[in-house]
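Worksheet for the structure shown next.
The values are calculated or read from the model by the stated rules, or taken from the named source; none is laboratory data. Since this is a predicted model, take the numbers as computed values, not measurements. Note that we place each Cβ from the backbone using ideal geometry, even for glycine, and neighbour counts take in every protein chain shown. In case anyone asks, the SASA skips ligands and DNA or RNA and just uses the protein heavy atoms, side chains included. Shrake-Rupley method; radii C 1.70, N 1.55, O 1.52, S 1.80 Å.
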Amino acid sequence: MNVLIVDDKEETLYLLETLLKNIECDVVSASNGVKALEKLRAGSFKLIVSDILMPEMDGFRLCMEVKKDNKLKDIPFVFYTATYTDEKDELIALKAGANKFIRKPVEPVEFTKIIQSVIREVKEGKIKGDRPVLEKEKEVFKLYNQRLVKKLEQKMLELKESEKKYHSLCENVNDWIFSTDQDGCITGVNSRVEMTGYSSGEIIGKRFTELLTPRSREVGINFFQRANKEAGTSDFFEVEMIKKDGKTLNVEISISSICKAKKFIGGFGIARNITKRRRDQERLRASLYSLAEAQRIAHLGNWEWNILKNELHFSDEAYRIFGLKAQEINGSYETFLNSVHPDDRETVKKAVNEALYENKPYNVDYRIVLPNGAERFIHAQAEVVFDQSGAPVRMFGTVQDITDLNKTQEALLDSATRLRNILDNAAESIITIDEQGIIKSFNLASERMFGYSMNEVAGKNVKMLMPEPYRSKHDSYLKRYLKDSESRTLNVVREVVGRRKNGTIFPLELYVSEVRLEKQLTFVGILIDITKRKLAEEQLRDSEARFRAIYESAPLGIVLSDSKGKILQANPVFRRMLGYSEDELQRMTFLDLTLAEDRQATLKNIVDLVDEKQDFFRLEKRYNLKDGSLMWADVIVSAVRDADGKFKYSFGIFKDITEKKRMETMLIQAEKMASIGQLAAGIAHEINNPIGFIDSNLNTLNRYGKKLTEYIHQVHDLLKTAVEDDDCDPEEFINEFNQLSQNIKLDHILENLKDAIAESLDGTARVKKIVSDLKDFSRTDKTEFESADINNVLEKTLSLVWNELKYKAEVVKEFGSLPQIECNPGRLTQVFVNLLVNAVQAIEQHGVIKIKTFQVRNSIKVQISDTGKGIPEDQLGKIFDAFFTTKEPGKGTGLGLSISYNIISEHRGIIAVESKKGVGTTFTVTLPLTKADEVVKLKVIVVDDDAMVRESLSKMVSQLYPFSSVAIAENGFDAGNLMNLYEPDLILLDITMPGISGLEMCKRIKDSTKHRKRKVVLITGRVNDDMQQQAYAAGADAFLRKPITAQELKQAIQKVMAGRL
Amino acid sequence: MSEKHTILLIDDEVNVLRALQRLFEGEDCIILTAENAAEGLKILEQAPVDLIISDHRMPGMSGLEFFEKTLPQYPDVIRIILTGQAELEMAIKAINNGCVYKFILKPWNNYDLKITVKRALEQYHLLQDNKDLTKELKKRDAVLQELEKKHPGITRMPEDGIYRLS
């Protein structure tokens, strides 16, 4: 059944595809509505499964387009969505013509069930694609849709943004995020674990509460106790944490429960280092305190003037201010005036008179001149005492030297500005209120956060920033606090909610401290908007849950592994795929599991991943399963890095493609046979030509033979007559002899005889060559790679296709000198046959085919260009698709280039095409260079009755020679069978085994003509001195005693394989 | 074969030309060879040829094309295709165009090829003789008619067998 799936998310497509393929659907995928329509119009489908929210064209529009199209409207349409989950949405979807509406996320199993039931219903005809769509509703829907789409697109962007943020958690979040099991043991952390001083490896498994100081520990333990009792518990607290180096750290922790089936299964926490914030808060408080201090700075002198007696008395402070000694002032109003700066005397006199006679307050600033000539600023205040008649009697007051005060005021102003600056530049909202809750200051961040300007809130009660019910409760709350200052709300971070000017309510983190300014109690509140954090936490939990579902139940292997390929964690599917238990896997690396031939590529990719040369890689490679069979897997591995970009672990997804590979191999073989069929006529010509003249020559030679026989008889007769005739005239004899030779044209025959034989031999050589080339090409596929010269492969290919080329094209060869590479020559021949036949077919009259080979750094390039008609641009993208052909029916399978592409991919190479209409086409095949001489490929059999020894020996061999293949046998009998099939270079043979002993086995090997050349290393665990002698007597090439170190084994192998290594 | 025949062999494979030359060496005929159709054309222009054996698939002009091209100018020459490839399409074309006497597949049988050539040449010879005789007859007839014009009645035999000259 053909199903089209439409979703803009790659991973969803992958998941859906896998699910649907499992229930035997043919799946085509499209990333949005536009692409889906293209595909719908190009193929025939029985079902469409589509997401709604997608870029370019969304699901609703797609559905309407489909229903508008007469050809497509009968295809049943199923929506599945995570965004439009409302019932109204379903109604609209159904109005738009959809047949089914599935809400995400559903478990994969459940989803499969739904899809299966839909497919069943489709098959039974219960779901018919064609449903009438009402015109009017369509219009309404259109409008609604457009609005929604706009809104949702925006939302999607935001979501994507935050998702991105969260997916790259390690880079963006400064908080340490961790997860625990239900007992509080840490199971996972992000890179910010560094704040604790521990590495992730060290911290995982530790109990979270152990990280807290004894006085903080209670809070943590309390959480886990509560969480275990009541699902869904979450908490927020500030604690002190002990770092690895023993130092403590102030941390605020937001922790919540991860629940599965309403059961608490672990904690999820976010820890923020607030040590710095604490320090900042302290600093702010200190600053406010210094402001209060500054206000107290003043030096006051006081004086008294007896008006009636005109006696003026100064205090010591006042003398000091005026720069006088006590005796120097005569104590009269006039002497005082003398000290006043001449310019200010009138002002002072006026102020005094007004105070004395007009009852005005005396409050004046003036300058004085000190005896040393210095000027000072003075602020004076005074009060006047009147007698009963109302006449002034006495005046007393203060003088204050405000020269310094002026400076202080400046300083004060400075300090205030600085404070303002601190406040305004702070990223956190800082609001100060007085005892009544009236807002005193409101920094820029607060304006941004609440949407109010300073002017709008100044002097108003802070409760305006709170939503109900907090708003009404705040006054009484504040009162209660003031009465009972032991209240716990201070100096503790709380999560509260705020209300913006536009009415929206959002989560906040609030820290309140109190400051006393001039005995005036001021509360300083520091607020942080945690909307994003909350959202992110939620999404993270969501994503965690989704991941868990995929991890447990998707038909994909999922594995986390470290930088050395060691398996840290593998999901059940992966374990089932390979047949190993979790324990077994965790003792293994990927290299142990990988087939020897694929190890180098795997290793290189892992190294590149760790070294940041790539972020992910995708390989099709083979694994050794526990049962000894092979599995082909499509593997995608990506790196997870910490905030500094350092590799942490890799995340691999595995899909079993063994069956697909088997089909591919069959397909390749079938295509090859098809191309042989195509070449057959040409090859027949190539063979029939030489056979023709060989046969003809043999007939001629036969005739010559007869003639020569006859000639010899005649000569014999002539000689006989000459001998018998005594009177023989020598001259006449010679004449007769010459006549005989001339008669049969002896010279001519002898000359031709030589040529005919030489030409015929040349002909047989040609036939032999072409037959062997053809045999090489057509033999049942060898999958193993061997070392080969690409130029040589090309020459052989040319001899196969020569007849197709030579009449239509001039072939120009530009072969560079190439090193040998590891490849499969048979399959490469198939590729080159395809490219050359295509090239000649592109040439309409007569043209040139150029074959160029050269080496570029670490790769070999083969360029095959023709001067043919070229490939139209719109077809250029399709030429590697299977079954795409421009040839008339019967002439091409449409598989040639598709299979060539696969073959080149198998060689980890690239095939690229460049074409210009009317000018020609160039195919470039790039093959990576593997230095064949660096790769030691050994075939080894390990024979030992002890499984542990077998395992450790084969592992050692694999590690020493990563490209070797190792087979194992439990006893001599199995080893014997294996040897015939496997043809090993080297046998590591235990001496003491049940059945045939190692010594006996070794003797048999060395006595057999077939196996004699194989090297045998005998191994014993017994401490018996003459064992070595016996081993060498049995013909062993080397002898080792258990336990064997890798070094010893290496030396032994080097010794016995000296010719090979 | 009463007189020396000329046979032209065309094949891009020299070894085939040499083998065929050896095949016909005992026969009383002149063998000419060409390694491609263009060379064959030149030879045709220079010497009278009675029979042509040509390969079909050759670089440049194919054997069939060569035959089609030379048919109008040399209608009497006997044409034989000797090819390693049994292409039905080509065979049909060769026969329908009526320009090929025989269609022989490689590898060939020496005896058969020789016989075929011999028969073909006999046929050619007969045809040629026939043509010559007809030509001679026409010539004689023309003389007679001329004579009759000059001396009416001279060509008619009188019953008594006596010619009377007036």
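Observations on the structure shown:
- Taken as Cα centroids, region A:843-922 and region A:519-575 sit 47 Å apart, rounded to the nearest whole angstrom.
- Relative to the longest principal axis of the Cα atoms of chain A, the long axis of helix A:214-229 lies at roughly 60 degrees.
- Taking each of A:648/A:939; B:42/B:139; A:1006/A:1042; A:806/A:852; A:806/A:917 in turn, the alpha-carbon distance tops 26 angstrom for A:648/A:939; B:42/B:139.
- Among beta bridges from DSSP that stay inside the protein assembly as shown, the antiparallel ones total about 70%.
- Other-chain or far-sequence residues with amide H under 5 Å of residue A:265's (modelled H): A:258, A:259, A:260
- Cα long-axis angle, helix A:10-22 against chain A (0 to 90 degrees, to the nearest 10): 50
- Long-range tail of P(r) for the protein assembly as shown (Cα pairs > 41 Å, %): 72
- Exposed loop sites are taken as trypsin sites (Lys or Arg not before Pro) in a DSSP loop (any state but H, G, I, E or B) with at most 16 other beta carbon atoms within 10 Å; the longest stretch of chain B without one runs B:5-155.
- Rolling a 1.4 Å probe over the protein heavy atoms leaves residue A:102 with an accessible area of roughly 10 Å².
- Altogether, the Stokes-Einstein calculation at 10 °C and 1.306 mPa s, with the Kirkwood radius of region A:504-605 over Cα pairs as Rh, returns a diffusion coefficient of 86 µm²/s.
- Degrees between helix A:59-68 axis and first principal axis of chain A (Cα, 0 to 90, nearest 10): 50
- Going by accessible surface with a 1.4 Å probe and the largest first, A:910, A:1053 read A:910, A:1053.
- Contact order relative to length of chain A, as percent, for alpha carbon pairs under 8 angstrom and 6 or more apart: 4
- Solvent accessible area, Å² - residue A:901, 1.4 Å probe, full protein context: 100
- Look at where the Cα atoms of region B:110-146 and of region A:725-780 average out, and the two centres are 38 Å apart.
- Extent along the principal axes, Cα only, for region A:170-273: 38, 31, 22 Å, with the longest axis given first.
- Expected 222 nm ellipticity per residue - DSSP helices of 4 or more, -39500 (n - 2.57), all of the protein assembly as shown, to 500: -15000 deg cm²/dmol
- Extension gain for residue A:226-residue A:563 works out to 117.4 nm (0.36 nm per residue, less the C-alpha to C-alpha distance).
- Karplus-derived 3J(HN,Hα) values for region A:509-516, using 6.51 cos²θ - 1.76 cosθ + 1.60 with θ = phi - 60°, are 10, 10, 10, 10, 9, 10, 9, 9 Hz; glycine and proline are entered as x.
- Aspartates and glutamates with Cα under 16 Å of residue B:106, excluding same-chain neighbours fewer than 8 positions away: A:686, A:695, B:11, B:12, B:13, B:55, B:87
- Gap separating the Cα centres of region A:606-657 and region A:936-971, nearest whole Å: 25
- Proximal lysines to residue A:95, defined as alpha-carbon separation beneath 16 angstrom and excluding residues fewer than eight positions away on the same chain: A:67, A:68, A:73, A:128, A:136, A:138, A:142
- Bridgeable lysines around residue A:260 (alpha carbons under 20 Å apart, same-chain partners fewer than 8 residues away excluded): A:104, A:229.
- Taken along the Cα-to-beta-carbon direction at a fixed 7 Å, the label points for residue B:162 and residue A:44 span 10.5 nm.
- Sequence of A:632, A:305 from largest to smallest accessible area, 1.4 Å probe: A:632, A:305
- Where trypsin sites (Lys or Arg not before Pro) fall in DSSP loop in region A:517-562, at most 16 other Cβ within 10 Å: A:519
- Taking only the alpha carbons of region A:818-896, we obtain Rg and Dmax values of 14.4, 42 Å in that order.
- Rounded accessible area of residue A:80 (nearest 10 Å², 1.4 Å probe): 0
- Neighbourhood charge, 12 Å Cβ-Cβ cut-off, centred on residue B:155 and excluding it, Lys, Arg +1 and Asp, Glu -1: +1
- Largest to smallest in accessible area, the residues A:672, A:325 fall in the order A:325, A:672 (1.4 Å probe, all protein chains included).
- Restricting attention to region A:909-1061, close to 30% of DSSP beta bridges with both partner residues there are antiparallel.
- Charge context of residue A:923, other residues only, Cβ under 13 angstrom, K/R +1, D/E -1: +1
- Just so you know, the averaged projected area of the alpha carbon convex hull for region B:1-148 sits at 10.0 nm².
- Translational diffusion of region A:775-932, µm² s⁻¹ [Kirkwood Rh, Cα pairs; Stokes-Einstein; 20 °C; 1.002 mPa s]: 135
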